Amino acid sequence: MAFGISGVFFNEDGKQQEFGYPYSERKTRIAAMPNNSIKLIRIYQHGAPGYIGDDDANALAQMLKDKMQKNGQIQLLGCSTAGVEGHAWNPVGGIGLLTRMIMYHGVMKMMGLPEAAKKWSDNVAGDTSRLIPNVFVMGLSGISFPLSRIHDSLETGFKPSALMADRFVYMNGKLLSEYSNFNLPK
(Lines give C-alpha, C1' and ligand atoms only; values in the text may rest on other atoms or scores of the structure.)
Protein backbone atom coordinates (compact mmCIF):
# COMPACT_ATOMS: atom_id res chain seq x y z
CA MET A 1 0.00 0.00 0.00
CA ALA A 2 1.63 3.26 -1.11
CA PHE A 3 -0.32 5.80 0.96
CA GLY A 4 -1.60 5.60 4.50
CA ILE A 5 -1.16 6.39 8.15
CA SER A 6 1.12 4.63 10.62
CA GLY A 7 2.49 5.23 14.06
CA VAL A 8 2.26 4.33 17.74
CA PHE A 9 -0.57 4.77 20.22
CA PHE A 10 -1.44 3.49 23.68
CA ASN A 11 -4.56 1.33 23.80
CA GLU A 12 -7.12 1.49 26.61
CA ASP A 13 -5.18 -0.90 28.86
CA GLY A 14 -2.09 1.31 28.54
CA LYS A 15 -0.09 -0.94 26.23
CA GLN A 16 1.85 0.63 23.37
CA GLN A 17 0.66 -0.55 19.97
CA GLU A 18 1.89 0.15 16.45
CA PHE A 19 -0.66 0.76 13.71
CA GLY A 20 -0.81 1.06 9.94
CA TYR A 21 -3.91 1.70 7.84
CA PRO A 22 -4.79 2.86 4.33
CA TYR A 23 -5.23 6.61 3.95
CA SER A 24 -8.92 6.17 3.09
CA GLU A 25 -9.57 4.70 6.58
CA ARG A 26 -7.79 7.45 8.55
CA LYS A 27 -10.85 9.23 9.97
CA THR A 28 -12.56 6.07 11.20
CA ARG A 29 -9.39 4.52 12.61
CA ILE A 30 -8.24 7.70 14.39
CA ALA A 31 -11.73 8.29 15.83
CA ALA A 32 -11.63 4.79 17.36
CA MET A 33 -8.40 5.50 19.27
CA PRO A 34 -8.61 6.68 22.89
CA ASN A 35 -8.09 10.38 23.67
CA ASN A 36 -4.50 11.40 24.48
CA SER A 37 -3.22 8.09 23.11
CA ILE A 38 -1.25 8.86 19.92
CA LYS A 39 2.49 9.23 20.46
CA LEU A 40 3.43 9.27 16.75
CA ILE A 41 1.41 9.44 13.57
CA ARG A 42 2.81 9.54 10.05
CA ILE A 43 0.42 10.64 7.32
CA TYR A 44 1.80 9.61 3.97
CA GLN A 45 -0.10 11.06 1.00
CA HIS A 46 0.26 13.53 -1.86
CA GLY A 47 0.73 17.05 -0.56
CA ALA A 48 0.31 20.56 -1.91
CA PRO A 49 0.69 23.93 -0.19
CA GLY A 50 -1.85 23.94 2.64
CA TYR A 51 -2.90 20.27 2.22
CA ILE A 52 -1.93 16.67 2.71
CA GLY A 53 -4.26 14.44 0.72
CA ASP A 54 -7.78 15.77 1.25
CA ASP A 55 -6.97 17.41 4.58
CA ASP A 56 -6.06 20.97 5.48
CA ALA A 57 -4.91 22.07 8.95
CA ASN A 58 -8.50 22.42 10.22
CA ALA A 59 -9.40 18.87 9.15
CA LEU A 60 -6.21 17.50 10.74
CA ALA A 61 -6.92 19.35 13.98
CA GLN A 62 -10.49 18.05 14.05
CA MET A 63 -9.21 14.46 13.63
CA LEU A 64 -6.16 14.61 15.92
CA LYS A 65 -6.47 17.35 18.56
CA ASP A 66 -8.02 15.19 21.28
CA LYS A 67 -6.07 12.08 20.26
CA MET A 68 -2.47 13.36 20.49
CA GLN A 69 -0.27 13.06 23.57
CA LYS A 70 1.61 16.11 24.80
CA ASN A 71 4.95 16.25 22.93
CA GLY A 72 3.64 13.68 20.44
CA GLN A 73 4.65 13.77 16.79
CA ILE A 74 2.66 14.33 13.63
CA GLN A 75 4.71 13.71 10.48
CA LEU A 76 3.14 15.02 7.27
CA LEU A 77 5.00 13.07 4.59
CA GLY A 78 3.81 14.69 1.38
CA CYS A 79 5.22 17.32 -0.96
CA SER A 80 4.99 20.97 0.12
CA THR A 81 3.48 20.31 3.56
CA ALA A 82 5.88 22.69 5.36
CA GLY A 83 6.48 26.37 4.81
CA VAL A 84 9.37 27.95 2.96
CA GLU A 85 10.51 30.40 5.65
CA GLY A 86 13.33 28.29 7.06
CA HIS A 87 14.54 26.66 3.89
CA ALA A 88 18.15 25.45 3.91
CA TRP A 89 19.90 25.83 0.62
CA ASN A 90 21.08 22.39 -0.35
CA PRO A 91 20.92 20.78 -3.80
CA VAL A 92 18.02 18.40 -3.16
CA GLY A 93 15.91 20.79 -1.07
CA GLY A 94 16.70 23.68 -3.44
CA ILE A 95 15.47 21.75 -6.47
CA GLY A 96 12.32 20.74 -4.59
CA LEU A 97 11.62 24.31 -3.50
CA LEU A 98 12.24 25.69 -6.99
CA THR A 99 9.86 23.10 -8.43
CA ARG A 100 7.25 24.05 -5.82
CA MET A 101 7.57 27.73 -6.70
CA ILE A 102 7.22 27.06 -10.43
CA MET A 103 4.28 24.64 -10.07
CA TYR A 104 2.24 26.49 -7.49
CA HIS A 105 3.17 30.12 -8.17
CA GLY A 106 4.49 30.61 -11.68
CA VAL A 107 2.18 28.22 -13.51
CA MET A 108 -0.87 29.48 -11.59
CA LYS A 109 -0.05 33.09 -12.49
CA MET A 110 0.43 32.17 -16.15
CA MET A 111 -2.95 30.40 -16.10
CA GLY A 112 -4.61 33.59 -14.84
CA LEU A 113 -5.20 32.29 -11.31
CA PRO A 114 -3.60 34.97 -9.10
CA GLU A 115 -5.46 33.86 -5.93
CA ALA A 116 -4.17 30.30 -6.34
CA ALA A 117 -0.66 31.65 -6.98
CA LYS A 118 -0.69 33.43 -3.61
CA LYS A 119 -1.04 30.06 -1.85
CA TRP A 120 2.30 28.64 -3.08
CA SER A 121 3.87 29.07 0.35
CA ASP A 122 0.94 27.80 2.47
CA ASN A 123 2.12 25.69 5.37
CA VAL A 124 -0.15 22.87 6.61
CA ALA A 125 2.49 21.68 9.13
CA GLY A 126 2.89 25.09 10.76
CA ASP A 127 -0.86 25.75 10.74
CA THR A 128 -1.59 22.33 12.26
CA SER A 129 0.95 23.01 15.01
CA ARG A 130 -0.95 26.19 15.92
CA LEU A 131 -4.24 24.28 16.15
CA ILE A 132 -2.88 21.29 18.13
CA PRO A 133 -0.72 22.80 20.89
CA ASN A 134 2.34 21.15 22.42
CA VAL A 135 2.79 18.61 19.62
CA PHE A 136 5.72 18.40 17.18
CA VAL A 137 4.54 18.64 13.56
CA MET A 138 6.97 17.84 10.75
CA GLY A 139 6.40 18.71 7.10
CA LEU A 140 8.36 18.80 3.85
CA SER A 141 9.19 22.16 2.24
CA GLY A 142 9.55 21.19 -1.39
CA ILE A 143 8.60 18.68 -4.01
CA SER A 144 9.70 15.14 -3.21
CA PHE A 145 11.01 12.92 -5.95
CA PRO A 146 8.35 10.25 -6.64
CA LEU A 147 10.75 7.37 -7.33
CA SER A 148 12.20 7.57 -3.83
CA ARG A 149 8.69 7.53 -2.36
CA ILE A 150 7.56 4.57 -4.44
CA HIS A 151 10.69 2.59 -3.59
CA ASP A 152 10.38 3.26 0.14
CA SER A 153 6.66 2.56 0.30
CA LEU A 154 7.25 -0.83 -1.31
CA GLU A 155 10.10 -1.68 1.04
CA THR A 156 8.82 -0.28 4.32
CA GLY A 157 5.05 -0.05 3.92
CA PHE A 158 3.95 3.11 5.71
CA LYS A 159 7.43 4.24 6.80
CA PRO A 160 9.12 6.08 3.91
CA SER A 161 12.66 7.09 4.78
CA ALA A 162 14.18 8.79 1.74
CA LEU A 163 11.87 11.70 1.03
CA MET A 164 13.91 14.15 -1.01
CA ALA A 165 12.82 17.48 0.43
CA ASP A 166 13.84 19.60 3.40
CA ARG A 167 11.99 18.55 6.55
CA PHE A 168 10.91 21.19 9.05
CA VAL A 169 9.54 20.78 12.58
CA TYR A 170 7.01 23.14 14.18
CA MET A 171 5.46 23.42 17.62
CA ASN A 172 2.78 25.93 18.61
CA GLY A 173 3.13 27.62 15.23
CA LYS A 174 6.88 28.21 15.53
CA LEU A 175 9.57 26.74 13.30
CA LEU A 176 11.91 24.82 15.61
CA SER A 177 14.53 23.36 13.32
CA GLU A 178 15.33 21.36 10.27
CA TYR A 179 14.51 17.73 10.95
CA SER A 180 18.09 16.62 10.33
CA ASN A 181 19.31 18.88 13.15
CA PHE A 182 16.46 18.18 15.52
CA ASN A 183 16.10 15.15 17.76
CA LEU A 184 12.42 14.41 18.14
CA PRO A 185 11.59 12.49 21.33
CA LYS A 186 11.02 8.77 20.81
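The heavy atoms of residue 51 present about 110 square angstrom of accessible area, all protein chains included, probe 1.4 Å. The calculated FRET efficiency for the pair residue 134 and residue 10, based on their C-beta separation and a Förster distance of 25 Å, comes to about 0.90. Sorting the segments 77-83, 102-108 by their residues' average number of neighbouring beta-carbon atoms within 10 angstrom, most packed first, yields 77-83, 102-108. Measuring with a 1.4 angstrom probe and ignoring ligands and nucleic acids, residue 25 comes out at about 60 Å² accessible. Here's the picture: a label point sits 7 Å out from the Cα of residue 70 along the beta-carbon direction, and within the range 1-41 the residues with their amide nitrogen under 18 Å of it are 10, 35-40.
Where the centroid of each part is defined by its Cα atoms, how far is the range 56-71 from the range 1-30 in Å? First find each Cα centre; the distance between them is then 14 Å. What figure, in Å² to the nearest 10, do you get for the accessible area of residue 130 with a 1.4 Å probe and non-protein molecules left out? The accessible area of residue 130 comes to roughly 140 Å².
The values are calculated or read from the model by the stated rules, or taken from the named source; none is laboratory data. Because the structure is a prediction, the values reported are computed rather than measured. Positions of Cβ are backbone-derived with ideal geometry, glycine not excepted, and every protein chain shown enters the neighbour counts. Heavy atoms of the whole protein, side chains included, go into the accessibility calculation; ligands, DNA and RNA do not. Shrake-Rupley method; radii C 1.70, N 1.55, O 1.52, S 1.80 Å.
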